Amino acid sequence: MECRGAPRGMKRIARWSCASGLRSGKFRFRCCCAVTVLALLTFSYIIVHLVITVWQRNGFIGGIGSIASLPFQHTSKKSCHHCYEVIDVVYTWVNGSDPRFLDDLARYSTTRDKARYDDKNELRYSLRSLEKYAPWVRNVYIVTNGQVPCWLNLENPRIRIVTHGEIADADTALPTFSSASIETFIHRIPGLSRHFLYLNDDIFLGAPLYPDDLITLAEGVKVFTAWIVPDCAPDCPWMFVGDGSCDRDCFVEDCQYDGGDCEHADYEGDYDHQHLHDAYGDVSAPEPVEEEGEQMFIDVPKMFPKTGSLRASLNIRDIHDIFRAKEANGTSSTRQLVERFNHEKMNSNKLNVKKRNVRNHSRRNGVVAHNRTANANGKDDAKLPSPADSTVNSQDIFANSLIHTNRVFNRAYGFHNRKVLAHVGFLLNVDTVERMLERFRDEFFITKQHRFRANNDMQYAFSYFHFLMSESRNKTVGEIFDDFDTDASGTWSDREIRTLLAKVYKLPLDWSAVRYFEEVVTNCSLQQNNFLPLEHQQEQRQVYPTLVYERYEDSTIPTVTKSLVVACGELADMMRANFGRVPRYRYHVSAKTGIYSNFKMLTSNITQVVDALDELRKTPKKFNCINDNLGEDRPEDNQLIAALLEDFYLSLFPARSAFELESAYRNRFQYYDDYRSWLRRKTMFRNAVYLACGVIFLICVRMLCFRHKGKFARTLLLLGATRSTDYSSMS
């Protein structure tokens with residue numbers, strides 16, 4: 001089309017195009033360059049936007065930079081810029097007023113615990129406190145049943161909603177309303193950091209929180225304990241179970257029948273033994289007199305009094321003989337013999353304790369009490385403890401599940417005086433959680449099958465930290481040898497042996513213990529070399545890099561090598577008993593729980609609530625928990641308490657966090673599935689627009705740049721020749 005033949009309405013455009021040379025190759029070249037630059041800018045913007053979004057989601061922007069600077073500020077080693085790994089935060093949250101949730105709840109339960117599911121905006125203020133006092137946190141994950149808080153900013157790349165269906169395994173019964181069941185799969189969140197901080201929505205931070213408040217390089221993860229596990233039966237605290245003393249009140253199924261303390265033959269019959277605080281004898285019994293000359297024998301090694309402190313007795317010589325005893329096959333049976341001796345000694349002391357007369361108690365569950373006949377003095381013998389009522393004092397499901405979990409751990413790791421965890425944030429390790437779930441697979445399977453909390457649930461945090469503290473591994477004798485071989489010479493010098501004996505025996509170290517150790521080493525060396533004299537043994541001729549001054553002048557023991565110690569049964573048993581079992585995980589039970597944790601119960605008593613909130617205002621701790629325990633019979637007071645709680649939160653955290661929408665806006669999606677459907681449609685539309693732009697760009701390039709390839713090439717050559725001519729004329 002000629003320029004003169006342009007339509008009437010396009011005359012000005014036609015004149016401009018004719019004047020500018022629209023049909024010339026020069027103008028076409030300029031248009032091609034402009035379109036190419038515009039397309040490159042658009043493409044670069046899209047790529048940079050996607051990269052920044054991915055980096056923010058993974059914590060490479062805004063997360064690592066903050067946490068990397070913390071060790072520089074809070075450790076003495078300025079070179080430690082990457083001491084702490086990235087840490088994510090996981091919340092569990094539910095909106096108890098949601099109609100869909102209430103329908104699901106009514107479908108599986110006719111009763112409803114209102115306090116368990118009511119939402120009083122605790123999560124909003126907990127996130128505000130997290131942003132204020134722990135800005136180093138990388139990402140925040142909120143685990144819900146599909147609900148979305150109306151105030152949550154879903155466009156924030158550092159926060160994400162995770163539904164139960166996304167991360168629950170096949171063993172979990174969904175939908176679930178049990179926090180114990182939900183906690184078993186929170187570690188399965190995709191992209192979750194190896195260490196993550198688990199918080200309930202009713203916990204907020206009241207002081208700056210740093211990673212070294214939760215875990216340190218020297219001590220490992222910190223454990224905050226609060227109180228003893230609730231009693232398994234009336235008048236039977238857990239410290240009485242498995243302590244070696246038969247207790248009537250503990251001889252019930254809920255207390256695991258006193259941990260087997262009443263199974264000894266001495267307790268057969270109708271015995272009623274009061275609790276013995278000293279498992280080895282009556283404190284009123286006369287002290288045994290030590291025979292003259294017995295102080296020449298060795299002291300009891302530390303491996304023997306593990307069940308309690310041994311008192312002075314007439315049997316030190318017997319212990320000395322037991323330590324030297326061997327079985328017929330030549331291997332040492334020291335540990336078994338000494339444990340048997342201690343057990344028999346404990347039982348003999350128990351028989352000497354004066355028994356108090358009590359009434360006969362009949363056994364439940366069809367067990368008939370066996371009454372023994374009176375003795376010649378007319379006094380009744382004590383009787384076997386009768387099973388008491390198996391119900392516990394507290395009817396709270398949480399307390400019952402704690403007792404159940406403690407029983408499981410008693411079977412797995414023995415009877416110990418365990419404590420409940422404080423109301424703090426729990427720093428968990430994904431790998432350790434998986435090992436715990438595998439270790440107690442059957443017990444947690446039952447927990448996962450519960451839609452509501454039950455008495456036989458495994459308490460998650462209690463199980464995790466006591467699993468962490470109970471797991472151990474066995475060191476080999478060679479590893480223990482290397483621990484004491486401080487000069488890495490392959491042999492033990494006399495000074496290293498002195499260190500070993502100081503750790504094994506009670507101090508002050510008696511010379512007889514040293515002489516006995518020398519005798520054991522010498523005998524083992526002779527036995528391993530067919531009783532050849534030391535000077536003829538090949539191992540003694542070998543030269544080891546042990547310094548001369550590491551041997552005492554009067555030392556007569558042979559060279560103590562690793563092979564000698566490993567093959568010596570007595571030494572190997574002693575080393576395994578004292579140093580063989582070491583903790584598998586590093587942890588530290590903090591003695592500062594009181595300055596880390598605040599716990600207040602939210603009741604329907606307005607006066608108590610006001611006083612509790614004022615106490616939190618006065619002394620806020622790093623972790624503050626306000627537990628909802630409102631009664632349903634006082635709705636008006638509950639509304640006022642909810643307003644007081646909102647006012648309390650606003651007094652501490654009035655500023656909106658980056659995780660929230662502006663106050664004038666409200667989240668249009670109540671459920672995360674609706675949000676994801678909208679997000680998919682938005683993504684498809686955006687991709688369609690990008691595709692259309694790309695197609696238009698290709699069309700423009702085709703029309704402007706490649707319509708007449710020959711002319712376009714000649715134009716480029718002509719432009720290049722013209723510019724070169726201009727440069728030559730200028731020069």
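None of the figures in this text is laboratory data; all of them are computed from the coordinates on show. None of the values given here were measured: they were computed from a predicted structure. Counting neighbours? That spans all protein chains shown, and the Cβs are built from the backbone with ideal geometry, glycine included.
Some points to look at:
- Distance from the C-alpha centroid of segment 194-211 to that of segment 105-168: 14 Å, rounded to the whole angstrom.
- Available extension along the chain between ASN605 and ASN455 is 51.1 nm, counting 0.36 nm per residue and deducting the alpha carbon span.
- Where labels lie 7 Å past Cα in the beta-carbon direction, separation of ASP633 and GLU471 in nm: 4.7
- Karplus-based coupling profile of segment 247-257, in residue order and whole Hz: 10, 5, 5, 9, 7, 9, 5, 5, 9, 6, 6, with θ = phi - 60° in 6.51 cos²θ - 1.76 cosθ + 1.60 and x standing for Gly or Pro.
- Residue by residue, segment 201-212 carries 3J(HN,Hα) couplings of 5, 8, 10, 10, 8, x, 7, x, 10, 10, x, 6 Hz when phi is fed to the Karplus relation 6.51 cos²θ - 1.76 cosθ + 1.60 (θ = phi - 60°); x denotes Gly or Pro.
- Label positions at THR216 and ALA502, each projected 7 Å from the Cα along the C-beta direction, are separated by 2.4 nm.
- Extension gain, ASP103-VAL48: 0.36 nm per intervening residue step, less the Cα-Cα distance, totals 15.3 nm.
- Taking the empirical scaling 2.2 N^0.38 Å for compact globular proteins as reference, segment 598-694 has a Cα radius of gyration ratio of 1.71.
- Put simply, the amide H of ILE215, placed in the peptide plane, has neighbours under 5 Å in LYS222, leaving out anything fewer than 5 places away on its chain.
- Computed E for ASP442/LEU174 - FRET, C-beta separation, R0 22 angstrom, nearest 0.05: 0.65
- Simple spin-label estimate for CYS150 and ARG617 in nanometres, 7 Å along Cα-Cβ: 2.8
- Summarising the amide proton neighbourhood of VAL162: residues at separation of 5 or more, or on other chains, whose placed amide H is nearer than 5 Å comprise ILE142, VAL143, THR144.
- FRET E, pair TRP227, PHE685, Förster distance 56 Å, beta-carbon r, rounded to 0.05: 0.50
- Its Cα gyration tensor gives segment 567-624 an equivalent ellipsoid, and the semi-axes of that ellipsoid, as √(5λ) in whole Å with the largest first, are 52, 11, 7.
- Low-density loop positions, trypsin sites (Lys or Arg not before Pro), segment 84-163 - DSSP coil, at most 10 other Cβ in 10 Å: none
- Sequence-distant residues sharing a close amide H with ILE87 (under 5 Å, placed H): ARG138
- Contour excess over end-to-end distance, with Cα ends at ARG656 and ALA642 and 0.36 nm allotted per residue: 3.1 nm
- Computed FRET value (nearest 0.05) for LEU698 with LEU718, which takes r as the C-beta separation and R₀ as 25 Å: 0.40
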